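Here, each number is a calculation from the coordinates, and none is a lab measurement. In this text, all values refer to a predicted model and were calculated from it rather than measured experimentally. Every residue, glycine as well, gets a Cβ built from its backbone with ideal geometry; the counts of neighbours run over all protein chains shown.
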Amino acid sequence: MPTPDEQIDVEGLRAQFLNKVFDEYEFTLDADDLAIYAKSCGETAAKFTDPNDPDFQAPPTIASSLHPKTRHPEGFPSFVGLGMDAGKAAAPTQPMRPGVPITARTHMHDIYTKSGRSGRMVFFVNRMEFADAHGNHLGSADTSVVIREKPTAGDQA
Amino acid sequence: MILDLHAHSIKSDDGRAKVQNYCQWIKAKNIAIDGFVLTEHRQFDNESDYSELAKKHGVTVLKASEVETEYGHVLVFGVTQGLQREFDFANIHLSLAQVLEACDAHDAIAVPCHPGRKRVGMAAHLDEFGVPEGVKIVEVFNGGSRGSEDEVAQQMASDLDYLGIGGSDAHIVSHIGRCGTRFQASISNEGELVEALKAGEFEALKIKEA
Amino acid sequence: MTIRNVSDVEFGSKLPDFVPDTSLANVKQFAIAAGWNGPRFTDHEAARKEGLPGALVPGIMSQGFLSAMIHRWAPLAEVQLIDTVFRAPVIVDQTYHINGVVTDIDEESGAVEIDLTVTNEADETRVFGTAKVLIPTV
């Protein structure tokens, strides 16, 4: 299995995997979990913290917390290293509400390599798109995952 | 004049600042710089023309690159089409010697940036690879430095007799102008910037918030 | 100042910052609610075994803190985009500050852009990003 330090055929991976939906599933959000999520993050508005509020909804960043069921497209190489979230972008277009069936579709949006304080790294960006049962677009979330070389004992935060 | 020699826009993978917003911010907040240089990661932005924006806001906006070598990251000023044919800016395994040689051949200049930073700073690689030939200037003030990274850079520059520049390493609008470089000459384009750097008449600055 | 209308927003103004609750108890509670209760977020020792300096505050929680800051500043704000880069780990049981500053305003549409950062006690940036929000124009 390649490590981030090895030469990786990024262009080959991009040609093979980008912009193809590799995961799709339906889910609903739980009101109590959403309230705890919001309060833990410091939200104070009732529409995020009180399931009895008439406008109760998930905080706008909720989409960032959702994962595809399959983490990678089929055939995508596994890299040796420490995987971490490198960034998240949530772009809600409508509120997500508890109990409403939502469909999430995921495609790989970008792949690239770079070097940083953590050493050489491979990044891949997955984009999830969300829609309700009527096909209304609820938003999207980009997750940038970095595979970095495993830290050594001397590494610090 | 004072230029922030190290900034990233949305063209960089981790940049989140629009150039227009940098210009607005500098003017509205009276940031003590006359302009900035966009040093996008692993690429040179051939497409964008910021001359109208620069004129509108009265700010100098220049373009450069930040590339990756075995000695860490390096700013490349004076990028031309000819220089871009010499090596692949997207390659994270470049040879510093090759970058320096190519810059010499194309009237550009390569400046190791954040040299005190772990792994991607030059100081971390001197034991392994030795002192590289041809480096004359390094970045001694970087707005994104943590802990003693700037001190390490300054010590290395002092030990090896390098001149020092400053740059914010801004990735968001409000970080522009945290550090800069004061030039004696007036600079309006990339060629004049390279000349001024080669002439050695500049000093690195940390800039206080207005 | 609580923002109710885009005309209340000043270019360059700082959002009221806050110190989020990054205690292990709060992070664990969040992690369970979010379905992110892997050991690297809920157990310092387990995180160290992975080579991390301690249990991590999940990136999505940092993003949640930033979103909460926006809502505390402008309760009627509608977040259209919140885009964050996780530059360095945010560690459970350490103190951080959640910061924002207004970098662009469109008074006609009510669109406001905000620079976001999570900084540690040494004022080093651990998370940065931008948000685009819509604030009422009438």
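Points to keep in mind about this one:
- Order of B:T80, A:T61 - criterion: other Cβ atoms within 10 Å of each residue's Cβ, fewest first: B:T80, A:T61
- The protein assembly as shown - mean residue ellipticity at 222 nm from DSSP helices (-39,500 (n - 2.57) per run, n ≥ 4, rounded to 500): -6500 deg cm²/dmol
- Close Lys-Lys pairs in segment B:2-206, where close means Cα under 16 Å and separation is 8 or more or interchain: 8
- Note on segment A:1-138: the alpha carbon radius of gyration divided by the globular reference 2.2 N^0.38 Å gives 1.24.
- By the rule of a C-alpha distance below 20 Å, with chain neighbours fewer than 8 residues away ignored, the aspartates and glutamates paired with A:K39 are A:D30, A:D50, A:D53, A:D55, C:D17, C:D21, C:E78, C:D93.
- Under DSSP loop assignment and at most 11 Cβ neighbours within 10 Å, longest GluC sites (Glu not before Pro)-free interval of chain B: B:48-132
- Taking amide H as placed 1.01 Å from N in the peptide plane, the amide H of C:R126 sits under 5 Å from that of C:V118, C:T119, C:N120, each at least 5 places away or on another chain.
- Within the protein assembly as shown, DSSP assigns beta bridges of which about 85% are antiparallel (rounded to the nearest 5).
- Within chain A, longest stretch free of exposed GluC sites (Glu not before Pro) [DSSP loop, at most 14 other beta carbons within 10 Å]: A:75-157
- Under 20 Å from C:K49, Cα to Cα: lysines that are on another chain or at least 8 residues apart: A:K150, C:K28
- Part-to-part distance (alpha-carbon centres) for segment A:22-57 and segment C:72-138, which is given in Å: 20 Å
- Cα gyration tensor of the protein assembly as shown - equivalent ellipsoid semi-axes, whole Å, descending: 38, 27, 21
- Fraction of antiparallel bridges per DSSP, segment B:2-206 only, in percent to nearest 5: 50 percent
- Rounded if a/c under 1.5, otherwise prolate or oblate - chain C, Cα gyration tensor axes: prolate
- Taking all Cα-Cα distances within segment B:2-206, those exceeding 28 Å account for 18%.
- Alpha-carbon centroids, segment B:6-60 and segment B:145-176: separation in whole Å: 20 Å
- The alpha-carbon of A:K69 sits under 19 angstrom from the alpha-carbons of these lysines, leaving out residues fewer than 8 places away in its chain: A:K20, A:K88.
- Note on A:F17, C:F30, A:F76: ascending count of other Cβ atoms within 10 Å places them as A:F76, A:F17, C:F30, the fewest first.
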